[in-house]
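Have a look at the structure below before the remarks.
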Protein chains: 2
Amino acid sequence: MTQTDPAPLPADLLPADCPVPSVPVLGSRKWAWRIIRCLEDGPRRFSELRVPLAGITAKVLAESLRSMEQDGVLVRTEFDENPPRVEYALTPLGRTLLGPMDAMCAWSRENLAGLLAARAEHERGH
Amino acid sequence: MTQTDPAPLPADLLPADCPVPSVPVLGSRKWAWRIIRCLEDGPRRFSELRVPLAGITAKVLAESLRSMEQDGVLVRTEFDENPPRVEYALTPLGRTLLGPMDAMCAWSRENLAGLLAARAEHERGH
DNA sequence: GGTGCCAGTTACTTCAAGGGAACCGGCCTT
DNA sequence: AAGGCCGGTTCCCTTGAAGTAACTGGCACC
């Protein structure tokens, strides 16, 4: 199971002098941001997550959740019911990500248009 | 040249309801954070960037720089000198990234230890 | 004429993540 | 007995970024 192996942190994680070159939990995992957002308001079960995360497959969602659980940003709780129920919730550590994420989200809201314009211009001009 | 095609923004970029699921410029490009940090204090030339970005190859650096130029976060300036000189500098748009990046960096400084602990515990306990 | 510098390029390979489709096990209802 | 629900797993394929290594072009200096 490759996805349950703790992914090695990128070698360049903390280069001693300059602050973080990448964001551990959020980098290189396409759905991580959205998953965290979906859990912001409380625990959700597997199938509840699949709805807002339109397009994600069970496989990828399961993989992402396991890796984020490993990182300690969320917890998986299995209830002994039938049909089975499994809930995912942010940990306190996971909640601390919301602040920085908001900063990034604000940046995107303000600057995404500019970024797309830059790309478009680049495509036309050359 | 695949890397000069404007990469399509991820389809899930702005899902209307919830703020940005990923960071355009910084996601999925391993060296982007560090490159921006290296330009924070002023323009640098190609070979100057290779020093602090220990381990990066000319190819990857060139690719990254071109894609970031396309996104409008930096500019490439070619001087007609010899030997050739080319400088890269952050644009105003690029500078606006520094704030959110600082927030993320602060998060990492504060919580990286906890994250590694969570991983380690996961590895032991299961 | 050979060497070096700078800023790359080109071709090839590797690797991790994502996507698609099929399948599973337990229990419940019809 | 058949089908549905939930929460997955398994296998296989594709993709995109990164890494490796060799090579380029123009000029300048020795």
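The values are calculated or read from the model by the stated rules, or taken from the named source; none is laboratory data. Remember, it's a predicted structure, so these values are computed and weren't measured experimentally. Heads up, the Cβs are rebuilt from the backbone with ideal geometry, glycines too, and the neighbour counts pull from every protein chain shown. Ligands, DNA and RNA are stripped out before the accessible areas are found, and what is left, the full protein with its side chains, is counted by its heavy atoms. Shrake-Rupley method; radii C 1.70, N 1.55, O 1.52, S 1.80 Å.
See the values below:
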quantity: Selection from the range B:45-66 of residues that are at negative phi, within 11 Å of DNA strand D (Cβ to nearest atom) and at pLDDT below 95; calculated: B:53, B:54, B:56
quantity: Hits in the range A:46-101 (condition: within 12 Å of DNA strand C (Cβ to nearest atom), within 11 Å of chain B (Cβ to nearest Cβ), in a loop (DSSP other than H, G, I, E, B) and more than 16 Å from residue B:112 (Cα to Cα)); calculated: A:53, A:54, A:55, A:56
quantity: Among (1) part of a helix (DSSP H, G or I); (2) among the charged types (D, E, K, R); (3) open to solvent by 70 Å² or more (accessible area, probe 1.4 Å) - the single one residue A:41 does not satisfy; calculated: (1)
quantity: The one condition in (1) open to solvent by 20 Å² or more (accessible area, probe 1.4 Å); (2) within 15 Å of DNA strand D (Cβ to nearest atom); (3) at pLDDT 95 or above that residue A:3 fails to fulfil; calculated: (3)
quantity: So residue B:99, is it open to solvent by 40 Å² or more (accessible area, probe 1.4 Å) and modelled with pLDDT under 95; calculated: yes
quantity: Residue check for residue B:42: within 10 Å of chain A (Cβ to nearest Cβ) and either more than 7 Å from DNA strand C (Cβ to nearest atom) or among the polar types (S, T, N, Q) (or both); calculated: no
